[in-house]
Amino acid sequence: MEASPTPAILLDRTVFVSAVQSVPRITDSLRLIVHLLAADVRLVGNELLAEEYLRYAQLLPSPTATALAASILGTLEMIRVEERFVLACTPYFGGKKRKDCVHAATCLQRGATLVSNDHDFDAIDRAGVIRRMTIGEAVRHWLPRKR
């Protein structure tokens, strides 16, 4: 029996922002990120996503935002997204939202699950091109139950 492959996950900027915008309150998004950083998963991303994390860490300045961005970027498997995957995802973004299209292409190329509350991913998710979970679904899926 083969071991199941380590899941690959792309945490969209919406997860990061919801984790740090209400600091010092500990949100489910923050708990999710901390859990995934320690779990047996691969966090995947691309240069555009890394730039978004850094930008939001500066826009929402706090020691938590800075530390969280550094932790994510320190473990992030950076993907050079092939143009054919971007082209496969482009029709679902109507020629707009280039960053979101690249994030979706990253997921398609790596078989990663996208975690995001951004409705710009609804069409590509509905079409079954990539697997997308909302933050709430990801929290229910990965976080241990509260007692």
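The values are calculated or read from the model by the stated rules, or taken from the named source; none is laboratory data. Fair warning: this is a prediction, and the values are worked out from it, not measured in the lab. Counting neighbours? That spans all protein chains shown, and the Cβs are built from the backbone with ideal geometry, glycine included. SASA here: full protein model, heavy atoms, side chains in, ligands and nucleic acids out. Shrake-Rupley method; radii C 1.70, N 1.55, O 1.52, S 1.80 Å.
Does region 110-130 hold any residues that are buried (at least 16 other Cβ atoms within 10 Å of the Cβ) and basic (Lys, Arg), and which are they?
Passing the criteria: only 110.
Conditions: (1) closer than 16 Å to residue 133 by Cα; (2) at pLDDT 95 or above; (3) among the aliphatic types (A, V, I, L, M). Residue 48 meets all but one. Number of the miss?
(1)
Which of the residues belonging to region 9-49 are farther than 15 Å from residue 115 by Cα and surrounded by fewer than 19 Cβ atoms within 10 Å (Cβ to Cβ)?
Answer for region 9-49, where residues must be farther than 15 Å from residue 115 by Cα and surrounded by fewer than 19 Cβ atoms within 10 Å (Cβ to Cβ): 21, 22, 23, 24, 25, 26, 27, 38, 39, 40, 47, 48.
State which residue is farthest from residue 6 (Cα to Cα) when the search covers only region 96-116 and only residues that are modelled with pLDDT of 95 or more and not in a helix (DSSP H, G or I).
116
Of the residues 143, 76, which single one is within 17 Å of residue 8 (Cβ to Cβ) and not small (Gly, Ala, Ser)?
76
Would you check which residues across region 57-109 are touching an Asp or Glu at 6+ places or on another chain (Cβ under 7 Å) and either open to solvent by less than 50 Å² (accessible area, probe 1.4 Å) or without any contact (Cβ under 8 Å) to a residue 12 or more places away in the chain (or both) and list them?
93, 100, 103, 109
Has region 67-85 got at least one residue that is among the hydroxyl-bearing types (Ser, Thr, Tyr), touching a Phe, Trp or Tyr at 6+ places or on another chain (Cβ under 9 Å) and in a helix (DSSP H, G or I)? Spell out how you get there, then give the answer.
If we filter region 67-85 for residues that are among the hydroxyl-bearing types (Ser, Thr, Tyr), which is where we start, we get 71, 75.
Filter once more, keeping what is touching a Phe, Trp or Tyr at 6+ places or on another chain (Cβ under 9 Å): none.
Scanning region 67-85, I find no residue that is among the hydroxyl-bearing types (Ser, Thr, Tyr), touching a Phe, Trp or Tyr at 6+ places or on another chain (Cβ under 9 Å) and in a helix (DSSP H, G or I), so the answer is no.
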